[in-house]
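Working notes, structure below.
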Amino acid sequence: MTRYSKTMSESLAEVRSVTPEQIAEASARRDAMRHGAGGRRGIDPADRDDVKATDKDQELAKKNMIMQLRKSKDTKGNFSIEFQDGKKQKVDPKFVELLLKAHDMIQKPRDKEQFVGMISKSYRDMLKTAKMVSKQLRMGEEVILEVKEEYVCEDCGCEQGNADPNCDCPNDSTDLQASYWVKKEEIEIDEMKMDDPKLNKIFDKLKKGQTIKLKTSSTISKGKDFVDYIVKSKNTVNKGRVEKVTLVTKGNEKAVKKFLYKRDGKVTFAIGDMGASIDDIKEDFTPHMMYDPKTGKGYKAEKEADHLRMKDMGYTHEKPEMDEAKSSTGYELYHKDFSSAMQHAYAFAKKKFGIEVDPKEIDDKVATGPKKPSNGKTNSYSLKAKGGKKGIQVQVYNTGKNYELNMYKEEVISEEEEPQKSDGAKAVEQGREDKKKTRIAQLQLQIAKAQETINQLNAQEK
C-alpha cells in the first residue's frame, strides 16, 4: 500500500484553512498567466516591463475629476478644471478641499461614482453639489446624495417657499400647484457669448474711473437688473497674455470685487473666485461735447437722447478745423487768437477786394490801439487803404474759446459828390459815421448769430 505524505484528515484540514481571498488571487493569477504576453502561457503580467497606457487612457486619466481636483489642491487653485460641457474653470481651494473630503467619506463605490458624475457635468453642477454636501459635513452626518427638485417662478425667478417679500410679481407664491412653478434647471440664462463683438468693444474702451452696467448670472441666482460697476484698475496678467479689469459695485465699494478677463478675444466674468456669466452689458452715458461740422460750434449732450439727436444731424465728437467755418464772402470766421484774425483780414482784403491796408493805420489803430477783446467783448476797426482811400471795417469777437472775425468793404464816395465842409465838421461827422458803422456791424453780427440759432432749432425739430 502506497504511503502518502499527508493523511486524508490532514489534507482536508489544509483545504479548509484556505480563505476565499486566497482562492480568488490564485484564480486571477491563473487567468493572467493563461492570457498573458502575446498569448504565451506561464508568464505573469506582473513580470512584464513593456505594459504601457494608451494615449486614450492617459487622456481619460487627465480628465478624471478627482485627479483634477487633487491637482488643483496641489497648485492652490491655480489649475483650470475641465468639465464635461467643454468649459474650463479655476475652482476655489475651499471648494476643492470640501469636495475631496466628501468623496473620501462616501463609503459605497456606487455612490462615489454618482458623486463624481454630479460634479463633472459643469462648474454650476459642481457648486450645487458642494452646497448640498457642505451642510452634511458641517453637521457630521453621513454624505447622502439626495437630489431634490427645486422649483422657481418662471416670471421672476423667486424660489418656491422662499419668495422675495419685495418682489412685485403678481403670481401667488402660496399656490404650490400653479403652472408658473418650473424646475430650477429649466430656467434659461440668456448668456452673452464670450467673443460677442459688443462685449469686446466695450471691454477695450474701459478706463479707470469709468462706470459700466452689467447684468450677470451665477449658479446661485439669475440676474434681473443692470448693476453699476466702477472700473478700479485695468492691467495685464499671465505675462501679458490676459487683460484684467477690476470692478467694484457703485455705492457699495466694500462688497466682493468683480473681475473681467479677456484672453484670445474672449471675455469672462468672475465674482471674487467664483465664475459667472454676462447676460448683457452697456456703457454708462457720460455727458460730452458735440460739434456742428459747418460752424465748429460745440453743444453739450447731457443725455443719451441728446447724443442720438445730434448724431442724426451730422454732429461729431471732434471739433472741426477752423478753415471749415467760412463766411458767405469766403473769409474764415474762427481763429485761434486775435493776431491771426487780424492778419487774415488784411490778407483777405488784398486778395478779395484789392485793398491794401495802410501800415500806418494798422500801427495807429490796432498795434497801439485798444488791447485785444476780453471774453464776450468785440473790438471794431475802420482801416483805410494806402493813399487815404476807403478800406475795410473789421470786428473781432472773443467767444471764450476762439476769436470770431467779421469784416466788409467800405463804400467809396467820389469827391465831386461829397459837399465841402470845414475840417472840424468833417472830423465830428467822421467820428459819428465811424460809431454808426461800428454799431451796424455789431447788429449784423448779432443778426447772423440769431439766424444761426434759428436754423439749428429748425433742424433739431426735423
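Please list the non-local residues whose amide H lies under 5 Å from the amide H of residue 356, H modeled 1.01 Å from N, same-chain partners needing a gap of 5 or more.
386
Hey, can you rank 114-121, 237-244, 85-92 by average C-beta count inside 10 Å, highest first?
Highest-to-lowest ranking by the protection proxy: 114-121, 85-92, 237-244.
Would you grab the residues whose amide H sits under 5 Å from the one on residue 227? Only those 5+ places off in sequence or on another chain, please, with H modelled 1.01 Å from N.
Counting only residues 5 or more places away or on other chains, the set is 214, 215.
Identify the trypsin sites (Lys or Arg not before Pro) of the range 261-331 meeting these criteria: DSSP loop state and at most 12 other C-beta atoms within 10 Å of the C-beta.
Passing both the DSSP loop test and the Cβ count: 303.
Which order do 302, 356 fall in if you start with the one that has the fewest other Cβ atoms within 10 Å?
302, 356
Could you derive backbone 3J(HN,Hα) for the range 337-353 from the dihedral phi with the Karplus parameters 6.51, -1.76 and 1.60 (θ = phi - 60°), listing whole Hz in sequence and x where the residue is Gly or Pro?
Residue by residue, the range 337-353 yields 8, 5, 4, 5, 5, 5, 4, 5, 4, 4, 5, 5, 4, 5, 6, 8, 9 Hz.
Neighbouring Cβ atoms within 10 Å as the yardstick, rank 103, 317 fewest first.
Going from sparsest to densest Cβ surroundings: 317, 103.
Where the only charges are on Cβ atoms (+1 Lys, Arg; -1 Asp, Glu), what is the dipole of the range 197-283 about its Cα centre, to the nearest 20 debye? Each step should come with its number before you reach the end.
Working: 22 positive and 10 negative charges, 53 e Å.
For this selection, approximately 260 debye.
Values in this text are rule-based calculations from the coordinates and carry no lab data. Here the structure is a predicted model, which means the values were calculated and not measured. Cβ atoms come from the backbone with ideal geometry, glycine included; neighbour counts cover every protein chain shown.
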